[in-house]
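This report concerns only the one structure given below.
The values are calculated or read from the model by the stated rules, or taken from the named source; none is laboratory data. All values reported here derive from a predicted model rather than from experimental measurement. Ideal geometry is used to build each Cβ from the backbone, glycine not excepted, and the neighbour counts take in all protein chains shown.
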Amino acid sequence: IGLLLLWMLAWVAVPPVLKWQLQSRLADLLGRSVTIGDVGFKPWTLEFTFGDLAIAGTAAGGPAGAASAPAKVEPLLHVQRLHLNLSGSSLFRLAPVIEELDLDAPQLRVAHVSPGHYDIDDLIARLAPKPETKPEPSEPARFALYNLQVHNAQLRFDDRPVGRVHTVDALQLSLPFISNLPAE
């Protein structure tokens, strides 16, 4: 009965807490607004489902936070649905073991705004290692990923200096397995 109550509490409490924490922490990390429509969690199978995940783009392709006339800003990345199925062996291996990662209709939009500058320059600067901190060489992060599926992906690259837009529509990707765990 105690385990059943714990599962029910996790089933009810984890989605809103996870949504709140992911949105705020990702927004702080990226310096851009991050929204998640809905979150689902099945504690008995360790499955997570995220709907309408979006990372904000920049207004008119300029730097993030630049003042400009109000306009419809397309998101940099929008994923209609992300399904993640974690394995319980992650706890024993002390490394993420993902049994399934399924992305439905991801849309990525990147713009080349001027020679040498892109609308994602702010993200690259935030995520790049700081030159003053030189990390010591270490082992690579251990992981295992089974069943990566990407359905109906759309990629759009707007090369404004040249005046061309390059697109890839309805991209399908299936990767059965990738791992760097010694036993895998």
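Here are Ala13, Ala60, Ala64, Ala69: which of them is at pLDDT below 90, over 14 Å from the mean Cα position of the chain (by Cα), in a helix (DSSP H, G or I) and on the phi < 0 side of the Ramachandran plot?
Ala13
Which one of the conditions (1) in a strand (DSSP E or B); (2) closer than 27 Å to Val110 by Cα; (3) more than 19 Å from the chain's Cα centre (by Cα) does Val150 fail to meet, given that it meets all the rest?
If we test Val150 against (1) in a strand (DSSP E or B); (2) closer than 27 Å to Val110 by Cα; (3) more than 19 Å from the chain's Cα centre (by Cα), just (3) comes out false.
Listed here are the residues, each with its yes/no results for (1) surrounded by 11 or more Cβ atoms within 10 Å (Cβ to Cβ); (2) at pLDDT 95 or above; (3) of a type outside the set (A, V, I, L, M, F, W, C); (4) on the phi > 0 side of the Ramachandran plot.
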residue: Pro115; (1), (2), (3), (4): no, no, yes, no
residue: Pro129; (1), (2), (3), (4): no, no, yes, no
residue: Tyr146; (1), (2), (3), (4): yes, no, yes, no
residue: Gln149; (1), (2), (3), (4): yes, yes, yes, no
residue: Leu155; (1), (2), (3), (4): yes, yes, no, no
residue: Asp169; (1), (2), (3), (4): no, yes, yes, no
residue: Ser174; (1), (2), (3), (4): no, yes, yes, no
residue: Leu181; (1), (2), (3), (4): yes, no, no, no
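Could you identify the single residue in Leu101, Leu123, Leu108 that is out of contact with any Pro (no Cβ under 6 Å at 6 or more places or on another chain), under 22 Å from Phe50 (Cβ atoms) and not in a strand (DSSP E or B)?
Leu123
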